[in-house]
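Presented below is the structure to which this report refers.
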Amino acid sequence: MIEMVTSKSLGVKVPLHEAESTRKKLIELRMLDQKRKIKRMGGYAFLPVTRVPKGFSIVETDFEEVEEKKSFKEKLREILPAGKTITSYDIIGDIAVIEIPQGLEEYERRIAELLLSSHKHIRSVYEKKGEVEGLERVRTLKFLTGEDNPKTIHKEHGILLKLDISKVYFSPRLSYERERVLKQVKDGEVIVDLFAGVGPFSILLAKYRRVKVYAIDINPYAYEYLKENIRINKVANKVIPLLGDCRELAPRNIADRVIMNLPKSAHEFLDLSFQVVKEGIIHFYSISPKQDLYSRQIELIREIGRKTEKEVNILGKRIVRPYSPYNYHIVIDIGVK
Ligand SMILES: C[S@@+](CC[C@H](N)C(=O)[O-])C[C@H]1O[C@@H](n2cnc3c(N)ncnc32)[C@H](O)[C@@H]1O
């Protein structure tokens, strides 16, 4: 049931055909009461006013009040204990994935329902349960509200990514990083995406550049979505999907660019990336503590450079995003000759 709140107030009464010009006039005079709705009845319009304007017919009547539109954050404040809030949620396609902080577990359902009702484009709400885990880097999720369907289509930089959030890794928080890499890529490059997932890097680069991309993933679900995403984004002539372990499948001595987005254990594959690159750039992702963001990784990079007798240049380094309270997801761009 929709509750209609009305209250008595002064209004200007004009014939219906004068309603629009009168509304404009009252706005100009700063006398239109914007907290109440204009009423039309019996061939007349009644315009609520905050003060009595000269030269108009004034009546006292009931006006419906304009619903106050509150933001999600404001509504959240009303249901949570003072000083508490939720700090983060991701939107993947039409699914929201939220983190419920410790101590707010009893509010999880109400928070989820609020999220659903405040965002028209959200269909389902899931909760993150623990870290991304295992070889496939998938996170355990708990369904909270809406439609229990973890499949969606995410749009990013003009490409479409079909995926199932319960079966594959995907993070919208890497969107800027993907665009950063895209800006470096030149037509004609051969790229090897060692940990391609459903293809957010591979497909983006193929969509906007004349390149050849080898996209490898060990997770069969990710591989199926990768193939589907290649098809729907019409990049089949540029991206070669490969299912399996990149150690076995990655072509050697071929790449102008290697992407290594497996931050928890990319260091174990750094030697491989040096075999894959011909002369070019390796985007090496890692997780580092706040107090020592890059030095351990740079030491390892230089060591592998020495062993493989390749010239190494650190072309750039940056924080991609916070990973946990004390750790950051970082990237180092390595130039190899
Ligand atoms: C952190 S996810 C990144 C996926 C994708 N690049 C993205 O940004 O969404 C890492 C991916 O590496 C895959 N993976 C892990 N070990 C692998 C291996 N040895 N060979 C190929 N893929 C692997 C996982 O299945 C997972 O999809």
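The values are calculated or read from the model by the stated rules, or taken from the named source; none is laboratory data. Everything numeric in this text was worked out from a predicted model, so none of it was measured. Cβ placement follows ideal geometry from the backbone for every residue including glycine, while neighbour counts extend to all protein chains displayed. Accessible surface is based on the protein model in full, side chains and every heavy atom, while ligands, DNA and RNA are left aside. Shrake-Rupley method; radii C 1.70, N 1.55, O 1.52, S 1.80 Å.
Going by average Cβ neighbours within 10 Å, how do the peptides 249-258, 222-231 rank, with the highest at the top?
Final packing ranking: 222-231, 249-258.
Any idea of the accessible area per residue across segment 6-64, 1.4 Å probe, to the nearest Å²?
Each residue of segment 6-64 exposes 65 Å² on average to a 1.4 Å probe.
Once ligands and nucleic acids are excluded and a 1.4 Å probe is used, how much of Lys70 is accessible, expressed in Å² to the nearest 10?
Rounded to the nearest 10, that gives 80 Å².
Using a 10 angstrom cutoff on alpha carbons, build the Gaussian network for the chain and name the most mobile of Tyr44, Tyr176, Tyr208.
Tyr44
Kindly write out, for segment 22-27 in residue order, the coupling ³J(HN,Hα) from the Karplus curve 6.51 cos²θ - 1.76 cosθ + 1.60 (θ = phi - 60°), rounded to whole Hz, with x marking Gly and Pro.
Values per residue, Gly and Pro as x: 5, 4, 5, 4, 5, 5 Hz.
Taking 0.36 nm per intervening residue step and subtracting the Cα-Cα distance, what contour gain separates Lys278 from Thr308 on full extension?
Extending this stretch completely gives an extra 9.6 nm.
So which lysines pass the test for Lys75, namely a Cα distance under 19 Å, with those fewer than 8 places away in the same chain ruled out?
Within the straight-line limit of under 19 Å, Lys75 reaches these lysines: Lys84, Lys120.
Quick one: compute the contact order of segment 6-64, relative version, from alpha carbon pairs under 8 angstrom and 6+ residues apart, as a percent.
It rounds to 54 percent for segment 6-64.
For segment 163-218, what % of the accessible area comes from carbon and sulfur atoms, probe 1.4 Å?
The nonpolar share, carbon plus sulfur, comes to 50 percent.
Considering only the other residues whose Cβ falls under 13 Å of the Cβ of Thr87, what net charge follows from Lys and Arg at +1 and Asp and Glu at -1?
Net charge in that neighbourhood comes out at +1.
Can you tell me what percent of all Cα-Cα pairs in segment 72-149 are more than 15 Å apart?
Of all Cα-Cα distances in segment 72-149, 55 percent exceed 15 Å.
Does segment 6-64 classify as rounded, prolate or oblate by the C-alpha gyration tensor (a ≥ b ≥ c root eigenvalues; a/c under 1.5 gives rounded; else a/b over b/c gives prolate, otherwise oblate)?
rounded
So, in nm, how far is label Phe143 from label Ile79 when the simple model puts each one 7 Å beyond its Cα toward the Cβ?
Simple spin-label model gives 1.9 nm for this pair.
Taking 32 Å as the cut-off for C-alpha to C-alpha distance, list the pairs among Lys142/Lys183; Lys162/Lys183; Lys24/Lys69; Lys151/Lys234 that go past it.
Too far apart for the 32 Å limit: Lys142/Lys183.
Any idea which of Ser273, Ala196, Ser7 is furthest toward the positive side of the dipole for the chain, if Lys and Arg beta-carbons carry +1 and Asp and Glu beta-carbons -1?
Projecting each Cα onto the dipole axis, the largest value belongs to Ser7.
Relative to the first principal axis of the alpha-carbon coordinates of the chain, what is the inclination of helix 175-184, with its axis defined by its Cα atoms, in degrees from 0 to 90 and to the nearest 10?
The two axes meet at around 50 degrees.
What area, in nm² and to one decimal, does the C-alpha convex hull of the chain cast on average over all directions?
24.1 nm²
Could you sort His267, His329, His17 by their accessible area in this structure, using a 1.4 Å probe and putting the largest first?
His17, His267, His329
Determine the gain in length on full extension of the stretch Leu315-Glu67; use 0.36 nm per residue of separation and subtract their C-alpha separation, reporting nm with one decimal.
83.9 nm is the gain from fully extending Leu315 to Glu67.
What number, in percent, do you get for the relative contact order of the chain if the mean sequence gap of Cα pairs under 8 Å and at least 6 apart is divided by its residue count?
9 percent
Please give the calculated 222 nm ellipticity per residue for the chain, where each DSSP H segment of at least 4 residues contributes -39500 (n - 2.57) and the sum is spread over every residue; nearest 500 deg cm²/dmol?
Rounded to the nearest 500, it is -7500 deg cm²/dmol.
Given a Förster distance of 30 angstrom, what is the FRET efficiency for Ser175 paired with Glu248, based on the Cβ-Cβ distance and rounded to 0.05?
The computed FRET efficiency comes out at 0.45.
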